[in-house]
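Reading through the C-alpha cells given below for one structure.
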Amino acid sequence: MRKHKGSVFRFALAALAALPLALLQACSPAATDQAVTTGVVKQLGSYQSTEHGVLIELPQQQTQLLRLEVMSDRIIRVTALPHSTLSAVANSLMVTAKPQGKFSLEQQGEQLLLKTSQLTAVVSLVDGAVHFIDKNGQVTLAEAKREFGPVTKDPVQAAADSYALQQQWNKDTDEGFFGLGQHQNGQVNYAGEHVELTTHNLVISIPLVVSTRNYGVLWDNASITQFGDTKGAQPFFDHFKLFDANGNPGGLTAEYYDGDKLLLSRIEQGPNYQYLANNNVREFPFPKELGELKQPRVVWKGSISTAQAGMHKFRLYNSGYAKLSIGGKLLLDRWRMNWNPWYHMTQAEFSADVAQNIELEWDSQGGYVFLEHSKPLPKDEQYSLTFASESGKAIDYYYIAGDKADDIISGYRSLTGKAVLLPKWVYGFWQSRERYTNQQQLVDVVKEYRKRKIPLDNIVLDWSYWPQDAWGSHKFDLKHFPDPKKMVDEVHALNANIMISVWPKFYASTDNYKELDAKGYMLSNNVEKEKNLDWIGPGYLNGFYDPYPKESQQIFWRQIAENLNVLGIDAWWLDASEPDMHSNLSISKRKENMTPLSIGSGTAYFNSYGLANAEGVYLGERQTDPDKRAFILTRSGFAGQQRAGAAIWSGDIVPRWSNLKEQIAAGIGVGLAGMPNWTFDIGGFTPEDKYRWKKDGSAVGHYSGLQPEDQGPWQELNLRWFQFGAFVPIFRSHGQNPYREIYNLADEGSEVYNSLVYYTKLRYQLLPYIYSEAGKMHLTDNTLMRGLVMDFPADKTAINLNDQYMFGPAFLVSPVYEYQARNRALYLPQGADWYDFYSGEKLSGGQHIQAAAPLEKMPLYVKAGSIVPTGEDIQFVNDKPDAPITLNIYTGANGHYSLYNDDGRSYDYEKGKYSTIELSYDDAKGILTIGKRQGEFDGMQQKISMNIRWIGAAEGMAKSLTGPITQTIEYSGDELVVSR
C-alpha cells in the first residue's frame, strides 16, 4: 500500500465544478470556506490506499482516522474515529457482507476522490467531510457535521473507547426520507420529523433511511438513536413557563380525584408518572394524602408560554384514558391498556411569549402518564438527515446508491443478508387467541374452521401452556395439555400447522435457567439485584438470557428442541424479545438490567436483542431440521432480521380506530426499511373493559356477550381491521377476549360474517400472486407491502400519503379506519389508470376520489397493465395443488409478471430448485405471451391448466375475480401466445 501526503493549494476541482455550490457550502463549511481562503497554510491529512478503499489520517481534526471501504460498486462504508486505533471498531451485528468491488483513487487538490462505476465519494483532506456523487454527476449526500462526545446516557460506566455519536448530512434539503422500521406515530415521510429509534413492545427500529434522491443510509449502531432532532424530546415543563388555573406563574393546577370526587388540588410542574422504580413501586408515587384510591383520575390545567415562536411538537406518554388540549383545541384523545403505555404525538403553534391554555385529563386505570416536548428547529436543521446515537465505538454508516427505492432495499439486503423464503403456509390465514387454555380447545378451533369450510393454515398456542411456576421450562402443564404430541398430530391431521410461544425468559428455579446461568449466560440483575417479581400468581423471580454468544444460542435452541421441536411444532413465536424483563421500568433501568451483555453494555446494544435471539433459533433449527423451512414470529427485531427466517409484528396494539390507522404507516415503514414480512394483531390485542368483561365480571367470549350497544362497534372495528389484514404480508387474527375466531366475531349468515369469510377466501384465491411476490423477496429483494414512494416516486401527493399503499405491483390498498364510514377519500396515483376491483370501473390516475366503502367492502383498486395470477377456492395452502391458475389481465397498459413456485417447505430453492414463468402483455396488440418455464423442483406440476380473463372498461368483467373465463389453455412449459 502506498501512502500519500496531500498538497496544499486552492480548491479547484473540475469534477465538482458543475455541482450546486450552495449545497456544498451548506453541507461542509469547513471544507469549502477554508479551501477558498487565500494565504492560509492548511495541514492536509495523509491517506493510504488499501485493498478495499482508503485510510485517511487527520491528526489536527476531531475525526483523526477516516476509512472508506468499497462494499460494491453501489455501496461505500464510511467509518470515522476520534483516534487512530482502527481495531477499536466493533464487529457489526447487522452487516454480514465483506468489502468487494473495483475502485480508483485520485487526489485533486484538497479533495480525494474514490470512484466506482456507479458513484464517487469525495473526501476533504482538510476536515474529512465526505460528499457522494451519483453516476449522473449530482451530489446526493453531503456531510455537514460529525461529532464525538462523552457517553452520558449509560447508567453503568461506559467503556473508555465509547462515544456519543452524531452525524448530519444535507442541511436544508427538500428530499423525502422513508424507512426506519416500525413506529406508532402515523408517519411515512420523515422529512422534518423526529423519530426516536428504540425498542419497545410496539416499536422496532431499523436504522435504514431511503431518500427520494435515490440513495440510502444504513446507520450501523445498536444504541438508542435520535433521527431528526438530535436532542430528542424533553420534559415539557423544562421548555415552558407554567401558569396555574388562576394565571399565577410557577406551575399548573393539578386536581386529584377518586372517580368524580375531588380529593386534592395543588400546584405541580405537570404529569410525572411515567415509570416504575422496581416491582410495582412507582418512581414518583401519588401524593400520600390521597390514601387508597379506587379510580384515580388527575386533571392538570393552566397555561404555558415560550419565548420561541413556531410549531412545537409534543409526545404524550400514557396508558389509561388521556385527553390533551392546547389553546382550547383537543389534540389527543387516547387510551392504552394500563401495563403497556406508549407515546402519541401532536403539535401546536405558539407565538413568542403568548400563553395558551393547556389541559391534560388522565383517568389512570392503574397506568402511566408523562408529557414531552421538542422545540422548533431552524429550517436547515429540521430539514436535514441526522442520526445521533447514545453510544458506539465509531461513526459507521453505509451509503447505498440506486435508481429507485427497490435498489436501496436490495443494497441493504446485500449488506445484512438475503430475505429467507418462508414456508408457503405462512401466507395463509392464522387463527390465534390469548389464549387457548387446553389442548382440546385448540384442536376444536381448527375443527370448527374445517367444518365451516373457512380456509385456515395456522393455529397459535400463546403463553402459559407451561406449569405456573415453570416459565422457561418449555414443558407443558399436563393438567391442561396431557398429551401435547397428540395435540400437534391432530392439528397436522386437519391439514393445519401449529406455532407456539417461546420467551427468552426463565424462572430462576428452572433447570434451563440454571444451565444457562452456570455458563454465565443469564442476565441476572433482575433476579439477584432488583429482585423483580413477575405478575403470575404470587409472582416469581425471573431472568432473561444473553443471546449473543454462539454457545448461548445453541443451548437455548437445544432446550427448545428437546422439549418442543420433538413434538413436531411447526413455528416459533419469540415473544417479549426487546427484552421486556419487567414492564414499565425506566429506559435507564432497562439498560442497567441488560448489563453486562457478553458483547458490551445494555446501552450500546439496546436495540439488537431481538436479532440475536431470532438468529440463534433460526440457525439451530436449520441444523436440526435441514429439510424444513424455519419460521419465526418475533415481537422485536433489528436490521438483518430478514436473514433469520423471521417476520415481525407490531406488538400489543389496542382495538381503537386510531391504532388501526397507525398500523398502515407502521407497515409501510417496515417495508421501506428492508423487512418484507410483517403483521399485526387483527382487531388489536387488549380491548377496553367494556368489550372484555360482562356485567357479572366474567370474560366475553362470543360477541353476543357484549352489551347490545357495544356489539355493532366491536364487530365493525374487527371487520375493517380484518379487511386490511387480508392485504398485509402475514394474515393473522389475534387478541385477548372477546374471542377472535370468525364465528365468535359474527353469526353465520350475517353481513359481518359473510365479509370476514369473503376476505379470507379472497386471500387464498390470491395465493399464486402472493407467493410469487414472496419468492421475489429472496430472488430479487422484493417488498410486498409497498409505500407509494416505491412505485410512484415522482408523484408528490402519493409519496406523502400515510394511509394507502401497494400490495405487490398490482393492488392499491386503502383501509377504512373511521367508525361508520361508508366511503373514504383516497388518491389514485398518477401515471396509471386504475380499476375498481369490485365493479371493474376504470378511472384515471392523478386524482382524489370518494370511494364507496360499504361495511362489507374495503376500497381496492388494480393498476391497469397488471397481470394477477389467482387460484381456486381452497381450504389450506397445499389444498388442490393441481388446480387451474387464472391469469387476470387488466388491460389498458402493457404489463409483465413473473410467476414463481417451488415446493413450499424445503430450502431446495436455495439450490436453484424453483420455477419461474414470465408473463408479458402487449396492450396495443392484445397479446399475452406466456414464456418458457425456467427451472424445476421436486413435485412440480408439469402441466398447468390456465384460465384467461381479459379485464377492461368495455368488458366490465372485473367483478372481484368472479367474472367469466374468456379462454382456457393447457400449459406444458413451452412458450404460448394468447390473443384477446
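The values are calculated or read from the model by the stated rules, or taken from the named source; none is laboratory data. These numbers were taken from a predicted model, which means no experiment stands behind them. Neighbour counts are summed over all protein chains in view; Cβ atoms, including those assigned to glycine, are modelled from backbone coordinates with ideal geometry.
Output the number of residues of the range 555-593 satisfying the condition of being touching a helix residue (DSSP H, G or I) at 6+ places or on another chain (Cβ under 8 Å) and either on the phi > 0 side of the Ramachandran plot or among the small types (Gly, Ala, Ser) (or both).
The total comes to 4.
Is there any pair with a first residue in the range 86-98 that is of a type in the set (Lys, Arg) and a second that is surrounded by fewer than 19 Cβ atoms within 10 Å (Cβ to Cβ) and part of a loop (DSSP other than H, G, I, E, B) whose Cβ atoms are under 9 Å apart and which are 6 or more apart or on different chains, and what are they?
Filtered contacts from the range 86-98: LYS98/HIS52.
Among the residues of the range 684-694, is there at least one that is closer than 30 Å to ASP781 by Cα, of a type in the set (A, V, I, L, M, F, W, C) and either within 31 Å of the chain's Cα centre (by Cα) or part of a loop (DSSP other than H, G, I, E, B) (or both)?
No: the range 684-694 contains no residue that is closer than 30 Å to ASP781 by Cα, of a type in the set (A, V, I, L, M, F, W, C) and either within 31 Å of the chain's Cα centre (by Cα) or part of a loop (DSSP other than H, G, I, E, B) (or both).
Identify, please: which residue in the range 493-550 is within 26 Å of ARG629 (Cβ to Cβ) and of a type in the set (Gly, Ala, Ser) and is, among those, nearest to the chain's Cα centre (by Cα)?
SER501
Quick one: which residue in GLU381, GLU372, GLU359 is part of a helix (DSSP H, G or I) and in contact (Cβ under 8 Å) with a residue 24 or more places away in the chain? Write out each step before concluding.
On the way: GLU372 fails: part of a helix (DSSP H, G or I); GLU359 fails: part of a helix (DSSP H, G or I).
After ruling out the rest, the residue left standing is GLU381.
Looking only at the range 708-731, filter to residues that are outside any helix (DSSP H, G or I) and in contact with a helix residue (DSSP H, G or I) (Cβ under 7 Å, 6 or more places away or on another chain); which one of those is surrounded by the most Cβ atoms within 10 Å (Cβ to Cβ)? Before the answer, list the steps.
Taking the range 708-731 first, the residues outside any helix (DSSP H, G or I) are 726-731.
Filter again for in contact with a helix residue (DSSP H, G or I) (Cβ under 7 Å, 6 or more places away or on another chain), leaving 726, 728, 730-731.
Working: ALA726: 22, VAL728: 26, ILE730: 23, PHE731: 24.
The selected residue is VAL728.
Report yes if some residue within the range 951-961 is over 20 Å from VAL868 (Cβ atoms), surrounded by fewer than 17 Cβ atoms within 10 Å (Cβ to Cβ) and in contact (Cβ under 8 Å) with a residue 12 or more places away in the chain; otherwise report no. Break it down into steps so the answer makes sense when it comes.
Applying the first criterion (over 20 Å from VAL868 (Cβ atoms)) to the range 951-961 yields none.
So far as the range 951-961 goes, no, none of its residues is over 20 Å from VAL868 (Cβ atoms), surrounded by fewer than 17 Cβ atoms within 10 Å (Cβ to Cβ) and in contact (Cβ under 8 Å) with a residue 12 or more places away in the chain.
I need a count of the residues in the range 809-836 that are under 28 Å from the mean Cα position of the chain (by Cα) and in a loop (DSSP other than H, G, I, E, B). If you could, list the steps in order and put the result at the bottom.
Quick first cut of the range 809-836, residues under 28 Å from the mean Cα position of the chain (by Cα) only: 809-819, 821, 824-830.
Still in the running and in a loop (DSSP other than H, G, I, E, B): 809-810, 814-819, 821, 829-830.
The qualifying residues number 11.
Condition check: surrounded by fewer than 22 Cβ atoms within 10 Å (Cβ to Cβ) and closer than 20 Å to ILE632 by Cα. Does GLU562 satisfy that? Spell out the reasoning first.
Details: surrounded by fewer than 22 Cβ atoms within 10 Å (Cβ to Cβ): yes; closer than 20 Å to ILE632 by Cα: yes.
Answer is yes for this residue.
Report the residue count in the range 133-148 for those that are under 19 Å from SER117 (Cβ atoms) and crowded, with 23+ Cβ neighbours inside 10 Å.
Initial filter on the range 133-148 (under 19 Å from SER117 (Cβ atoms)): 133-141.
From the residues that got through so far, the ones that are crowded, with 23+ Cβ neighbours inside 10 Å too are 141.
Adding up the residues that qualify gives 1.
Can you tell me how many residues within the range 93-124 are assigned to a loop (DSSP other than H, G, I, E, B) and either in contact with a helix residue (DSSP H, G or I) (Cβ under 9 Å, 6 or more places away or on another chain) or of a type in the set (D, E, K, R) (or both)?
So the first thing to find is which residues in the range 93-124 are assigned to a loop (DSSP other than H, G, I, E, B), and the list is 93-103, 109-110, 116-118.
Next, only the ones that are either in contact with a helix residue (DSSP H, G or I) (Cβ under 9 Å, 6 or more places away or on another chain) or of a type in the set (D, E, K, R) (or both) stay: 93-98, 102, 109-110.
The total comes to 9.
Of these, ARG629, ARG635, ARG656, which one is modelled with pLDDT of 95 or more, within 19 Å of SER814 (Cα to Cα), crowded, with 18+ Cβ neighbours inside 10 Å and of a type in the set (D, E, K, R)?
Numbers: ARG629 fails: within 19 Å of SER814 (Cα to Cα); ARG635 fails: within 19 Å of SER814 (Cα to Cα).
Only one candidate passes the filter, namely ARG656.
Which of the residues that make up the range 161-204 are surrounded by fewer than 22 Cβ atoms within 10 Å (Cβ to Cβ), charged (D, E, K, R) and over 26 Å from GLU662 (Cβ atoms)?
Residues satisfying the conditions are ASP161, ASP172, ASP174.
Kindly check whether there is at least one residue in the range 877-894 that is buried (at least 18 other Cβ atoms within 10 Å of the Cβ) and under 30 Å from the mean Cα position of the chain (by Cα).
yes
Being of a type in the set (A, V, I, L, M) and in contact (Cβ under 8 Å) with a residue 24 or more places away in the chain is the filter; apply it to the range 520-545 and report the residue that is nearest to MET594 (Cα to Cα).
Initially, the range 520-545 is screened for residues of a type in the set (A, V, I, L, M), giving 522-523, 527, 533, 536, 541.
Then keep just the ones that are in contact (Cβ under 8 Å) with a residue 24 or more places away in the chain; that gives 522-523, 533, 536, 541.
Details: MET522: 10, LEU523: 6, LEU533: 16, ILE536: 22, LEU541: 16 Å.
Only one residue tops the list, namely LEU523.
Here's the yes/no breakdown for (1) at pLDDT below 95; (2) on the phi < 0 side of the Ramachandran plot; (3) of a type in the set (Gly, Ala, Ser):
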site	(1), (2), (3)
LYS102	no, yes, no
VAL123	no, yes, no
LYS153	no, yes, no
GLN157	yes, yes, no
ALA160	yes, yes, yes
THR173	no, yes, no
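Would you check if VAL670 is outside the structural domain of GLU818 (by TED's automatic domain parsing), outside any helix (DSSP H, G or I) and touching a residue at least 40 places away in the same chain (Cβ under 8 Å)?
Working: outside the structural domain of GLU818 (by TED's automatic domain parsing): yes; outside any helix (DSSP H, G or I): no; touching a residue at least 40 places away in the same chain (Cβ under 8 Å): yes.
Against the criterion (outside the structural domain of GLU818 (by TED's automatic domain parsing), outside any helix (DSSP H, G or I) and touching a residue at least 40 places away in the same chain (Cβ under 8 Å)), VAL670 does not qualify.
I'd like to verify a number: residues in the range 82-92 that are over 28 Å from the mean Cα position of the chain (by Cα) and in a loop (DSSP other than H, G, I, E, B), how many? Show your work before the answer.
At the first step, the residues of the range 82-92 found to be over 28 Å from the mean Cα position of the chain (by Cα) are 82-88.
Then keep just the ones that are in a loop (DSSP other than H, G, I, E, B); that gives 82-85.
Adding up the residues that qualify gives 4.
Only one of ILE400, ILE408, ILE395, ILE326 is surrounded by 18 or more Cβ atoms within 10 Å (Cβ to Cβ), within 28 Å of THR230 (Cβ to Cβ) and without any contact (Cβ under 8 Å) to a residue 60 or more places away in the chain. Can you tell me which? Working first, answer last.
Numbers: ILE400 fails: without any contact (Cβ under 8 Å) to a residue 60 or more places away in the chain; ILE408 fails: without any contact (Cβ under 8 Å) to a residue 60 or more places away in the chain; ILE395 fails: without any contact (Cβ under 8 Å) to a residue 60 or more places away in the chain.
Going through ILE400, ILE408, ILE395, ILE326 in turn, just one is surrounded by 18 or more Cβ atoms within 10 Å (Cβ to Cβ), within 28 Å of THR230 (Cβ to Cβ) and without any contact (Cβ under 8 Å) to a residue 60 or more places away in the chain: ILE326.
Is at least one residue of the range 779-790 closer than 20 Å to ILE682 by Cβ, in contact with an Asp or Glu (Cβ under 7 Å, 6 or more places away or on another chain), among the aliphatic types (A, V, I, L, M) and touching a residue at least 60 places away in the same chain (Cβ under 8 Å)?
Within the range 779-790 (the criterion being closer than 20 Å to ILE682 by Cβ, in contact with an Asp or Glu (Cβ under 7 Å, 6 or more places away or on another chain), among the aliphatic types (A, V, I, L, M) and touching a residue at least 60 places away in the same chain (Cβ under 8 Å)), the answer is yes, since at least one residue qualifies.
Working carefully through the options LEU706, LEU719, find the one that is over 29 Å from GLY667 (Cα atoms), of a type in the set (A, V, I, L, M) and not assigned by TED's automatic domain parsing to the domain that holds GLN295. Steps first, please.
On the way: LEU719 fails: over 29 Å from GLY667 (Cα atoms).
Within the list LEU706, LEU719, the selection yields LEU706.
Does the range 448-466 include one or more residues that are part of a loop (DSSP other than H, G, I, E, B), more than 30 Å from the chain's Cα centre (by Cα), surrounded by fewer than 19 Cβ atoms within 10 Å (Cβ to Cβ) and of a type in the set (Gly, Ala, Ser)?
Within the range 448-466, none of the residues are part of a loop (DSSP other than H, G, I, E, B), more than 30 Å from the chain's Cα centre (by Cα), surrounded by fewer than 19 Cβ atoms within 10 Å (Cβ to Cβ) and of a type in the set (Gly, Ala, Ser).
Do you know which of the residues in the range 70-104 that are among the basic types (Lys, Arg) and within 22 Å of LEU611 (Cβ to Cβ) is surrounded by the most Cβ atoms within 10 Å (Cβ to Cβ)?
So the first thing to find is which residues in the range 70-104 are among the basic types (Lys, Arg), and the list is 74, 77, 98, 102.
Narrowing the set further to residues that are within 22 Å of LEU611 (Cβ to Cβ) leaves 77, 98.
Numbers: ARG77: 22, LYS98: 8.
In this case the residue turns out to be ARG77.
For the range 912-932, which residues satisfy the criterion of being of a type in the set (A, V, I, L, M, F, W, C) and under 38 Å from the mean Cα position of the chain (by Cα)?
First, the residues of the range 912-932 that are of a type in the set (A, V, I, L, M, F, W, C): 917, 919, 924, 927-928, 930.
Of everything in the range 912-932, those that are of a type in the set (A, V, I, L, M, F, W, C) and under 38 Å from the mean Cα position of the chain (by Cα) turn out to be ILE917, LEU919, LEU928, ILE930.
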